[in-house]
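The values are calculated or read from the model by the stated rules, or taken from the named source; none is laboratory data. Fair warning: this is a prediction, and the values are worked out from it, not measured in the lab. Cβ: placed from backbone, ideal geometry, glycine included. Neighbour counts: every protein chain shown. All accessible areas refer to the heavy atoms of the entire protein, side chains included, with ligands and DNA or RNA removed. Shrake-Rupley method; radii C 1.70, N 1.55, O 1.52, S 1.80 Å.
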Amino acid sequence: QVQLVESGGGLVQAGGSLRLTCAASGTIFRFSPVGWYRQAPGKQRELVAIIAPGYNTNYADSVKGRFTISRDNPKNTVFLQMNSLIPEDTGVYYCYLNNKNAYWGRGTQVTVSS
């Protein structure tokens with residue numbers, strides 16, 4: 001059974017940084033696209049960043065230049081380094097993995113105060 005466990009969320013002031021971590025188990029991680037989505041209150045879940053097995057990356061326009069996604073295949077882990085955070089980045093951040101089926105973590109809260 002695939003499990004994704006996020007960590008690293010919290011409360012930070014605008015301009016600050018956070019690093020999210022997602023640990024995966026129960027799947028062949030290195031062959032799977034993995035990434036991060038977020039959901040702000042009252043809004044739909046949206047893609048933040050995704051990284052392919054070949055390390056190609058894709059980012060939402062709103063986070064380009066500020067966020068960096070990376071993966072450590074031997075450790076079955078994906079990271080999201082978030083810099084220059086703004087209040088609009090506030091939301092629940094979900095880890096995502098696709099290996100023919102889509103899997104989601106339970107989410108970690110990120111709150112950016114102005």
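Calculated FRET efficiency, Asp72 and Lys100, Cβ-Cβ r, R0 25 Å, to nearest 0.05? Mind dumping the intermediate values first?
Details: r = 22 Å, r/R0 = 0.90.
Calculated transfer efficiency: 0.65.
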About its Cα centre, how strong a charge dipole does the chain have in debye, to the nearest 20, once Lys and Arg get +1 and Asp and Glu get -1 at the Cβ? 220 debye
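Where the accessible area of the chain is counted over protein heavy atoms with a 1.4 Å probe, how much of it, in %, is carbon and sulfur? Walk me through the intermediate numbers first.
On the way: 2970 of 6220 Å².
Ligands and nucleic acids excluded, carbon and sulfur give 48 percent.
Mind giving me the FRET efficiency for Arg45 and Asn83? R0 is 30 Å, r the Cβ-Cβ distance, nearest 0.05 is fine. Intermediate results must be reported in sequence, preceding the final value.
On the way: r = 22 Å, r/R0 = 0.75.
Efficiency, rounded to the nearest 0.05: 0.85.
Considering only DSSP beta bridges whose two residues both sit in the chain, what percent are antiparallel, to the nearest 5? Write out the running numbers ahead of the final one.
Numbers: 37 of 41 bridges.
Roughly 90 percent of the beta bridges in the chain run antiparallel, per DSSP.
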Taking the solvent-accessible surface of protein heavy atoms with a 1.4 Å probe, what is the per residue accessible area of the chain in Å²? 55 Å²
Take the alpha-carbon centre of region 3-55, take the same for region 62-92, and report the distance between them in whole Å. 7 Å
Please compute the contact order of the chain in relative form: average sequence separation of alpha-carbon pairs under 8 Å and at least six residues apart, divided by the residue count, as a percent. 37 percent
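With all protein chains present and a 1.4 Å probe, how do Val112, Val92 order by accessible area, largest first?
On the way: Val112 10, Val92 35 Å².
The residues order as Val92, Val112, largest area first.
Normalized C-alpha radius of gyration of the chain, against 2.2 N^0.38 Å? Numbers along the way, then the final one.
Working: Rg = 13.2 Å, N = 114, 2.2 N^0.38 = 13.3 Å.
Relative to the 2.2 N^0.38 Å estimate, the chain comes out at 1.00.
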On a straight-distance basis, which aspartates and glutamates could pair with Lys100 in a cross-link, Cα separation under 12 angstrom, same-chain partners fewer than 8 positions away excluded? none
